[in-house]
Amino acid sequence: MRTRFTPSLFLIGILGFYSGLPLALTASTLTAWLADAKIERAAIGLFAAVGMPYALKFLWAPMMDGLQIPILKRLGRRRSWLLLTQLLLTIAILAMGSFNPATSVGATAIAALLVATFSATQDIVIDAYRVERLTPEEQGLGAAYATFGYRIGMLISGAGALALADLFGWQLTYWAMAALVALSMVLTLFAKEPEVVGQTPPKNMSEFIAHAVVAPLRDFMTRPNWLALLLFVIIYKLGDALIGAMFNPFLLDLGFTKMQIAEIVKLYGVAAALAGTFLGGWLVVRIGAVRTILLGGILHSAANLLLIPLCASGANAMFLAICIALINITGGIGLAAFIAYLAALCKRTYTATQYALLSALSAVGRTFLSTPSGWLATTFGWPIFFMICCALTLPGLALLWWIERRQRRLH
């Protein structure tokens with residue numbers, strides 16, 4: 001494998017940054033803003049549904065593969081779609097920052113939904129661009145650069161946004177994030193369009209549906225246990241999704257300040273997650289993706305149980321730092337293995353559409369299934385809430401173990 005630094009890999013890292021940047025703006029950072037605006041917990045939990053486009057992006061992913069934007073055709077298929085989504089994403093974040101959730105909660109929700117929609121679309125294009133721009137030998141290293149950039153992007157819109165909000169307020173913070181996204185359009189204009197690979201553009205709608213929509217789905221459905229595979233992808237991160245939806249409100253409820261959350265949870269947490277991701281990658285090579293997922297899932301569930309004694313300790317910064325380090329390291333192990341597992345499920349001919357389908361389904365837990373998080377926390381209290389979330393990790397791990405055993409018997 002090539003390991004030297006190249007401009008292409010640097011570009012992939014920057015695109016990874018812009019892929020990760022919008023996510024926290026409609027997730028953890030948004031929940032902190034809502035909690036700051038004194039929105040009820042149950043309502044905050046419902047805001048997890050604004051991430052719905054990440055779970056549905058496979059529905060329009062074939063458009064990015066099979067259709068071109070006439071007015072931007074000269075830029076090429078990938079860059080034209082990327083430029084359009086970046087423009088719309090900038091406008092949506094500006095709009096989101098213009099509302100006050102305390103007085104315009106509905107408008108805030110609509111703006112957040114638009115941000116998530118354009119962000120999910122950008123992810124589709126960036127994933128396809130990465131696969132087409134890099135050589136097969138560079139794909140593994142490209143994934144590492146993309147993940148690193150993605151984490152830094154989430155750090156900026158997570159820790160960076162919380163710190164800015166403490167100093168300048170939420171409106172200016174979101175406007176600053178929009179300005180940062182706007183810079184990505186300059187990068188897109190100067191980036192190199194990858195060579196067109198795979199099928200030629202369809203001549204009509206029926207040809208588009210047959211080759212860009214039906215064929216990738218039909219290919220996936222020919223695999224053994226394909227329904228069980230899809231169910232695993234959906235429920236694997238369910239417990240994490242419930243915790244993630246309420247994590248910032250939980251810390252604010254304990255008495256932590258936004259600056260403490262930015263420093264401990266976001267800054268140190270990202271460093272721990274990156275370390276866990278590299279450790280997970282090493283374990284995938286040594287013992288395989290499935291075993292690493294099972295090991296990481298068990299360790300991560302155990303680490304999340306540390307949040308129960310944190311409830312009793314109150315705003316204990318040292319204990320929080322220990323919890324975050326262990327939670328993010330074990331979470332990074334599972335994430336690296338999960339990404340490797342999803343990639344192995346995709347046929348190279350249909351990588352863009354099949355990967356969009358699988359990654360979208362993995363977001364279902366974070367969106368649809370995590371909406372009762374606020375109700376659960378309010379009804380049962382924080383300690384039982386965390387016990388429920390950790391228990392919800394086990395069905396996904398058990399399903400993966402069953403799938404692996406079935407596949408071994410078939411071979």
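The values are calculated or read from the model by the stated rules, or taken from the named source; none is laboratory data. These numbers were taken from a predicted model, which means no experiment stands behind them. Cβ placement follows ideal geometry from the backbone for every residue including glycine, while neighbour counts extend to all protein chains displayed.
Return yes or no: is Ala325 of a type outside the set (D, E, K, R), touching a Ser or Thr at 6+ places or on another chain (Cβ under 8 Å) and either in a helix (DSSP H, G or I) or crowded, with 19+ Cβ neighbours inside 10 Å (or both)?
Values: of a type outside the set (D, E, K, R): yes; touching a Ser or Thr at 6+ places or on another chain (Cβ under 8 Å): no; either in a helix (DSSP H, G or I) or crowded, with 19+ Cβ neighbours inside 10 Å (or both): yes.
No.
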Criterion: part of a helix (DSSP H, G or I) and either under 12 Å from Tyr145 (Cβ atoms) or modelled with pLDDT under 80 (or both) - qualifying residue of Gly20, Gly16: Gly16
Residues of the stretch 142-177 that turn out to be closer than 17 Å to Ile93 by Cβ, part of a helix (DSSP H, G or I) and over 16 Å from the mean Cα position of the chain (by Cα), as a count: 14
Residue that is nearest to Phe247 (Cα to Cα) [pool: residues in the stretch 368-387 that are crowded, with 24+ Cβ neighbours inside 10 Å and of a type in the set (Ser, Thr, Tyr)]: Ser373
Spans of helices (runs of 4 or more DSSP H) in the stretch 40-132 with at least 1 residues in contact with an Asp or Glu (Cβ under 8 Å, 6 or more places away or on another chain): 52-56, 77-97
Some residue of the stretch 306-322 being of a type outside the set (Gly, Ala, Ser), buried (at least 16 other Cβ atoms within 10 Å of the Cβ), under 30 Å from Arg408 (Cβ atoms) and touching a helix residue (DSSP H, G or I) at 6+ places or on another chain (Cβ under 7 Å): no
Conditions (1) under 20 Å from Leu88 (Cβ atoms); (2) surrounded by fewer than 21 Cβ atoms within 10 Å (Cβ to Cβ); (3) of a type outside the set (Asp, Glu); number of the one not met by Ala42: (1)
Unmet requirement for Gln68, which otherwise passes all of (1) touching a Gly at 6+ places or on another chain (Cβ under 9 Å); (2) modelled with pLDDT under 90; (3) buried (at least 19 other Cβ atoms within 10 Å of the Cβ); (4) over 29 Å from Gly255 (Cβ atoms): (3)
Near pairs, Cβ below 9 angstrom, 6+ apart or cross-chain, from the stretch 336-348 (within 18 Å of Ala273 (Cα to Cα)) to any residue that is basic (Lys, Arg) and assigned to a helix (DSSP H, G or I): Ala337/Arg291
Test result for Leu410, in contact (Cβ under 8 Å) with a residue 60 or more places away in the chain and surrounded by fewer than 13 Cβ atoms within 10 Å (Cβ to Cβ): yes
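Would you check if Arg77 is within 26 Å of Gly158 (Cα to Cα) and among the charged types (D, E, K, R)?
Working: within 26 Å of Gly158 (Cα to Cα): no; among the charged types (D, E, K, R): yes.
No: the conditions fail for Arg77.
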Thr29 vs. criteria crowded, with 23+ Cβ neighbours inside 10 Å and more than 21 Å from Gly244 (Cα to Cα): no
Whichever residue in the stretch 83-113 is under 18 Å from Ala48 (Cα atoms) and modelled with pLDDT of 95 or more and, among such residues, is surrounded by the most Cβ atoms within 10 Å (Cβ to Cβ): Ile93
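So, of the residues in the stretch 287-305 that are assigned to a helix (DSSP H, G or I) and among the small types (Gly, Ala, Ser), which turns out to be surrounded by the fewest Cβ atoms within 10 Å (Cβ to Cβ)? Spell out the reasoning first.
Taking the stretch 287-305 and keeping what is assigned to a helix (DSSP H, G or I), we get 287, 289-304.
Retained after the next criterion (residues that are among the small types (Gly, Ala, Ser)): 289, 296-297, 301-303.
Numbers: Ala289: 21, Gly296: 26, Gly297: 25, Ser301: 20, Ala302: 14, Ala303: 20.
Of everything passing the filter in the stretch 287-305, Ala302 is surrounded by the fewest Cβ atoms within 10 Å (Cβ to Cβ).
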